There are 2 protein chains.
Amino acid sequence: MDGVRIIEIKKSVFENNDIDANNLRKELKSKGVYLLNLMSSPGSGKTTTLIRTINLIKDKLRLAVMEADIDSDVDAIKIKEATGVDSIQLHTGGMCHLDAEMTRQGLEGLPLEGLDLAILENVGNLVCPAEFDTGSCSNAMILSVPEGDDKPLKYPLMFSVCDTVIINKIDVMDYFDFDMERCRRNILSRNPKARIIPVSAKTGEGMEAVAQWLLEEVRLWKAQKA
Amino acid sequence: MDGVRIIEIKKSVFENNDIDANNLRKELKSKGVYLLNLMSSPGSGKTTTLIRTINLIKDKLRLAVMEADIDSDVDAIKIKEATGVDSIQLHTGGMCHLDAEMTRQGLEGLPLEGLDLAILENVGNLVCPAEFDTGSCSNAMILSVPEGDDKPLKYPLMFSVCDTVIINKIDVMDYFDFDMERCRRNILSRNPKARIIPVSAKTGEGMEAVAQWLLEEVRLWKAQKA
């Protein structure tokens, strides 16, 4: 299938990413586009979770997806085939994260004027993406049950910059040494305000809560004065 | 438990990491210490696999472990408690990888003169650690079944720099969409010479092959002229 656009992201020239990220957030606000930055380890189920979520919300708002990856375009194709929404692939050229300028390069590939929500699926990595503000309106992450409930202890920054933690693959909880209560405590020790949503993107369990959370986020943000 | 030493790694001052890594390899050769650099995603089971492996080989050679992490010392403690071998924790201070100088800082915490094998458990990350030669004699990685068989397509450099890929958590293969033959093809497309060892560190299946591989690696390397 050749139905997705691939954008080769260039290295950022801005020295001060925080300033650039704030500028991007203002631009998005003026356009009325909510940008969600979704992060996780490789293999946590970001794409499957996105597909389920998009199919639950796509009739309620206009959205598009940017799939960032070192290489390959399998994710953007999957999203487009499974949901029908606009999906573009961002190639980072080996880089381990996106910053605000790289995100802006991606956004230029989307029809921003008509959108309510743009979702950035960041590079699969629990370290570097947490260090760079992409200009998003909020950060969310997916932690999957097989990765273990101790990850907030080992990747503290990632868990402290995320407002929402989706715990995926709860359908296989019985096969892993994963304690949901211990996991909650570990997440909240890094970010006491974190919203935690357990799901199985495979079976669909809990996905309605993800859809409700995202719809409400966009609604509240749109209702705020710029 | 306060039985493990924690080393706070400082940022490297060497500009040319490749030269520094080659120097470290020569130093290790002169001391007769084989250094293995073990990489993976967060939560692939590096520590559990190491514990199983160490308990199978610790009577046949003298070894020690360096556990690199952004934060926490749970892994070094686990290794020491479960195997009795020397284990130190390296804190990277937020850095996403180790280079040769950072590895040297860790090695200085080990009793090198008496060792045959030092194992570096790198930061859980499929991107950045692949870009930096640590000075190791070989690179190995663990890919776990829940992460998916497409990871070699998405993280090409990691799979091309590793001589050995251990595929962990095969005990849960029935619960995931993971095809071992497709995975092998994907790995070999990145590195046609890769050795692939499927295991379950949880049940012990396949772990004898890991032990034999590592013992043989160290024996052959020691038999080579410096």
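Miscellaneous remarks
- Residue ID - most open to solvent (accessible area, probe 1.4 Å), chosen from residues in region B:178-197 that are in a helix (DSSP H, G or I) and in contact with a strand residue (DSSP E or B) (Cβ under 7 Å, 6 or more places away or on another chain): B:ARG184
- When region A:62-95 is filtered for residues that are of a type in the set (A, V, I, L, M, F, W, C), at pLDDT below 90 and in contact with a helix residue (DSSP H, G or I) (Cβ under 7 Å, 6 or more places away or on another chain), the ones remaining, listed by number, are A:ILE70, A:VAL74.
- Scanning region B:28-47 for residues that are of a type in the set (S, T, N, Q) and outside any helix (DSSP H, G or I) returns B:ASN37, B:SER40, B:SER41, B:SER44.
- Residue match in region B:69-82 (condition: within 14 Å of chain A (Cβ to nearest Cβ) and assigned to a strand (DSSP E or B)): yes
- Residue within region B:167-186 that is in contact with a His (Cβ under 8 Å, 6 or more places away or on another chain), farther than 21 Å from B:THR53 by Cβ and within 9 Å of chain A (Cβ to nearest Cβ) present: no
- Filtering region A:83-108 to residues that are free of Cβ contacts under 8 Å to residues at least 40 places away in the same chain and at positive phi leaves A:GLY84, A:GLY94.
- Any chance A:LYS80 is closer than 18 Å to A:VAL218 by Cα, touching a residue at least 24 places away in the same chain (Cβ under 8 Å) and open to solvent by 30 Å² or more (accessible area, probe 1.4 Å): no
- Test for B:ARG219: is it open to solvent by 80 Å² or more (accessible area, probe 1.4 Å), part of a helix (DSSP H, G or I) and out of contact with any Cys (no Cβ under 8 Å at 6 or more places or on another chain): yes
- Flag for A:LEU126 being aliphatic (A, V, I, L, M), surrounded by 24 or more Cβ atoms within 10 Å (Cβ to Cβ) and assigned to a loop (DSSP other than H, G, I, E, B): yes
- Condition met for A:SER200 (open to solvent by less than 10 Å² (accessible area, probe 1.4 Å) and either in a loop (DSSP other than H, G, I, E, B) or closer than 22 Å to B:ALA68 by Cα (or both)): yes
- B:CYS162 passes every criterion in (1) out of contact with any helix residue (DSSP H, G or I) (no Cβ under 7 Å at 6 or more places or on another chain); (2) open to solvent by 20 Å² or more (accessible area, probe 1.4 Å); (3) under 26 Å from B:THR203 (Cβ atoms) apart from (2).
- Among the residues of region B:144-166, those that are outside any loop (DSSP other than H, G, I, E, B), in contact (Cβ under 8 Å) with a residue 40 or more places away in the chain and more than 7 Å from every other protein chain (Cβ to nearest Cβ) comprise B:MET158, B:THR164, B:ILE166.
- Among the residues of region B:139-159, the one identified as hydrophobic (A, V, I, L, M, F, W, C), closer than 21 Å to B:ASN122 by Cβ and open to solvent by 10 Å² or more (accessible area, probe 1.4 Å) is B:LEU157.
- Unique residue being in a helix (DSSP H, G or I) and either open to solvent by less than 10 Å² (accessible area, probe 1.4 Å) or among the hydrophobic types (A, V, I, L, M, F, W, C) (or both) when the list is B:LEU50, B:LEU90: B:LEU50
- Lone unmet requirement of (1) more than 14 Å from chain B (Cβ to nearest Cβ); (2) modelled with pLDDT of 95 or more; (3) closer than 29 Å to A:ALA82 by Cβ for A:LYS29: (3)
- Filter result for B:LEU98 (out of contact with any Gly (no Cβ under 6 Å at 6 or more places or on another chain), crowded, with 21+ Cβ neighbours inside 10 Å and part of a loop (DSSP other than H, G, I, E, B)): yes
The values are calculated or read from the model by the stated rules, or taken from the named source; none is laboratory data. Fair warning: this is a prediction, and the values are worked out from it, not measured in the lab. Using ideal geometry, Cβ is built from the backbone for each residue, glycine included, and neighbour counts are taken over all protein chains shown. With ligands, DNA and RNA removed, areas are computed over all heavy atoms of the protein, side chains included. Shrake-Rupley method; radii C 1.70, N 1.55, O 1.52, S 1.80 Å.
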